[in-house]
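Colleague: Got a structure here, written out as structure tokens. Questions coming.
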Amino acid sequence: MRTLLDHIAVVAPDLASGTQFVEQTLGVSLQAGGQHPRMGTHNKLLRLGEGVYLEVIAVDPNAAAPPRPRWFELDKLRPDASPRLATWVVRTDDIVAAREACTWDPGPIESMTRGTLAWRITIPADGSLPQAGAAPTLIQWDAEPHPASTLDDVGCTLEKLEIFHAAPDQLRVALTSLGLVSDVQVRSLPSGESTHLLAHIRTPQGLRTLPVSFAG
């Protein structure tokens, strides 16, 4: 089995603040994404290379609330919360086998759509982030083309994703069990800090680091 980094997810209390966070950090503009009917959310996107992209996701104020908790802990965000790089998603061509290989509980496999796109994805029933976002969500795309291939190439590339975790060796073993081949590096968590991610992104303005949160 083999898995690849598919995308990284920035969560925000609204799409405007999440978009501002990413655009000011990276110096590029995001593209419109769309709506997720089953989750009552919407997004904007940025291509980060072949088969890799960044997603800013937030509650869609014009959509009906779903009969279950939304994904990525969006229901827990306060209106004044800072946007943050919350988690990452890996793709597989056999999500059932990948889920069975997980050493953590990624949640049930759910079917989702956005426009003409269709996919299956793991979502904990309570909408939580597995291991506070350190462990990836699993996805299997069931329709072509991949979203990254439909986005404009604005000169951004994800060079490295760092995960800071209290049990780095344990997390490394877990990722190895998934056959992950992407450049994801697990680091020891500095004293006094919470689990977080850092994305190192090559942009037309040089190398930028997408931090965990944004005050602005």
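Colleague: Net charge near LEU77, counting Lys/Arg +1 and Asp/Glu -1 over other residues with Cβ under 13 Å of its Cβ?
Modeller: Working: positive: ARG70, LYS76, ARG78, ARG84; negative: ASP14, GLU73, ASP75, ASP80.
With Lys, Arg at +1 and Asp, Glu at -1, the neighbours total 0.
Colleague: Turning to a different aspect of this structure: DSSP loop chymotrypsin sites (Phe, Trp or Tyr not before Pro) in region 74-147 with at most 16 other Cβ atoms within 10 Å of their Cβ, which ones?
Modeller: Values: sites: TRP88, TRP104, TRP119, TRP141; in loops: TRP104.
Here the sparse-neighbourhood loop sites are TRP104.
Colleague: What is the gain in length, in nm to one decimal, between ASP169 and ALA32 on full extension, counting 0.36 nm per residue of separation less the C-alpha to C-alpha distance? Walk me through the numbers before you get to the answer.
Modeller: On the way: separation 137, 0.36 × 137 = 49.32 nm, distance 3.79 nm.
Working it through step by step, the gained length comes to 45.5 nm.
Colleague: Name the shape class, rounded, prolate or oblate, that the alpha-carbon gyration tensor gives for region 36-150, where a ≥ b ≥ c are the square roots of its eigenvalues, rounded holds for a/c under 1.5, and otherwise prolate holds if a/b is larger than b/c and oblate otherwise.
Modeller: Rounded, because the longest to shortest axis ratio a/c is under 1.5.
Colleague: Another question about this same structure. Mean-square fluctuation check for the chain, GNM, Cα pairs under 10 Å: which of PRO37, PRO67, PRO168 is largest?
Modeller: Comparing PRO37, PRO67, PRO168 in a Gaussian network model of the chain, the most mobile one is PRO67.
Colleague: Then there is this: Express in % the proportion of alpha carbon pairs of region 150-216 at distances exceeding 21 Å. If you can, show how the numbers build up before the last one.
Modeller: Numbers: 829 of 2211 pairs.
Beyond 21 Å sits 37 percent of the P(r) for region 150-216.
Colleague: Then there's this: Taking the simple approach of a point 7 Å from Cα along Cα-to-Cβ for both ARG78 and ASP153, what is their distance in nm?
Modeller: 4.4
Colleague: I've got another one for you. Provide the three semi-axes, in whole Å and in decreasing order, of the ellipsoid equivalent to region 4-210 as defined by the square roots of 5 times the Cα gyration tensor eigenvalues. Working shown, then result.
Modeller: Numbers: eigenvalues 98, 89, 66 Å².
Largest first, region 4-210 gives 22, 21, 18 Å.
Colleague: Which percentage, to the nearest 5, of the DSSP beta bridges contained in the chain is antiparallel? Provide the component values of the computation, followed by the final result.
Modeller: On the way: 39 of 53 bridges.
Here the antiparallel bridges make up roughly 75 percent for the chain.
Colleague: Now for a different question. Considering only LEU48, LEU178, LEU117, give the residue with the highest GNM mean-square fluctuation for the chain, with springs between Cα atoms whenever their separation is below 10 Å.
Modeller: Highest fluctuation among the options: LEU117.
Readers should treat all values here as calculations from the given coordinates under stated rules, not as data from a laboratory. Treat the numbers as computed from the prediction; the structure is a model and nothing was measured. With ideal geometry, Cβ positions are generated from the backbone for all residues, glycine too; neighbour counts draw on all protein chains shown.
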